[in-house]
Amino acid sequence: MAMASPTTDAAEALRAIAGEIAVCTECRLAQGRTNAVPGEGAPDADVMFIGEGPGYYEDQQGRPFVGAAGKFLDELLASIGWARKDVYITNTVKCRPPDNRDPQNDELDTCESLYLRRQLELVNPTLLVTLGRFSLTRLFPRQSISRARGQLLYKDGLAVYPIYHPAAALHQQRLRDVIVDDFKNLPTALETARRRLTGTVADQQAAYSADDSGQNDSGGEQPSLF
Ligand code: URA
């Protein structure tokens, strides 16, 4: 009998989570959704992107980043020779907040503990790219996106590379230039993270001891993700 590979197992488990998300009624966002948006991509991706939450087009299609911000994200990925199928893309909340308002803390907490944390464990990426402030502050509650963007941060052995949200850059050329630059540095950030996390014991110790170093000013607050 053929043995299932770890990738097949992860793909199956991710599909099961998507099934749970599709019928989730654990928070008020369920009431307004057309479709839940669990996320998509390679189950064994090296890089996982976490955005904020679905917008109008994502809610209509049940897929992440398919509107204007998504088109820009596709361009950014293409600019470094990557494609959606090579990475995993999801959001902090899986249902569209009404009128695109900010997700609220209880919605973020619920979606993270029920779904996002399990998706992260299954994909187990080498590098987590946070898009915008909501996913960044899940990990680093008092970090600001303008300070953290483009830096490789570590938390509990997880490598995190914060970037501005692509939607923020749609109408601001200055932010657009910053995001384009931060994407250019993404392959190097991935290599650095890979060396730190899978390299020698000394490398790994460096990654763990870099945890919270200066860049994370969580000041005693419990980070939520991991
Ligand atoms: N913005 C997000 O944060 N996520 C999406 O899926 C689309 C737009």
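The values are calculated or read from the model by the stated rules, or taken from the named source; none is laboratory data. Since we're looking at a predicted model, the values are computed, not measured. Ideal geometry is used to build each Cβ from the backbone, glycine not excepted, and the neighbour counts take in all protein chains shown.
Quick notes on this structure:
- Of residues in the stretch 21-35 being over 18 Å from R101 (Cα atoms) and in contact with a Gly (Cβ under 9 Å, 6 or more places away or on another chain), the one surrounded by the most Cβ atoms within 10 Å (Cβ to Cβ): I21
- Residue within the stretch 118-127 that is more than 23 Å from T192 (Cβ to Cβ) and within 16 Å of the ligand (Cβ to nearest atom) present: yes
- Assessment of the stretch 100-110 against the conditions (surrounded by fewer than 21 Cβ atoms within 10 Å (Cβ to Cβ), under 13 Å from the mean Cα position of the chain (by Cα) and farther than 26 Å from T188 by Cα) yields no matching residue.
- Listed by first and then second residue, the pairs linking a residue in the stretch 137-155 that is more than 20 Å from D102 (Cβ to Cβ) and in contact (Cβ under 8 Å) with a residue 60 or more places away in the chain to a residue that is of a type in the set (D, E) and not in a helix (DSSP H, G or I), with Cβ atoms under 8 Å apart and 6 or more places separating them unless they lie on different chains, are K155/D211; K155/D212.
- Cβ-Cβ under 7 Å pairs, at least 6 apart or on other chains, the stretch 34-53 side touching a residue at least 24 places away in the same chain (Cβ under 8 Å), far side surrounded by fewer than 22 Cβ atoms within 10 Å (Cβ to Cβ) and of a type in the set (F, W, Y): E52/F134
- Checking each residue in the stretch 135-144 for being in contact with a strand residue (DSSP E or B) (Cβ under 8 Å, 6 or more places away or on another chain) and either within 11 Å of the ligand (Cβ to nearest atom) or over 11 Å from I50 (Cβ atoms) (or both) picks out S135, F140, Q143.
- The stretch 1-114 holds helices (runs of 4 or more DSSP H) entirely within its bounds, and those carrying 1 or more residues that are more than 13 Å from the ligand (Cβ to nearest atom) map to 6-22, 29-32, 68-79, 105-111.
- Just one of the listed residues (R149, R133) is at pLDDT 95 or above, surrounded by fewer than 22 Cβ atoms within 10 Å (Cβ to Cβ) and under 12 Å from the mean Cα position of the chain (by Cα), namely R133.
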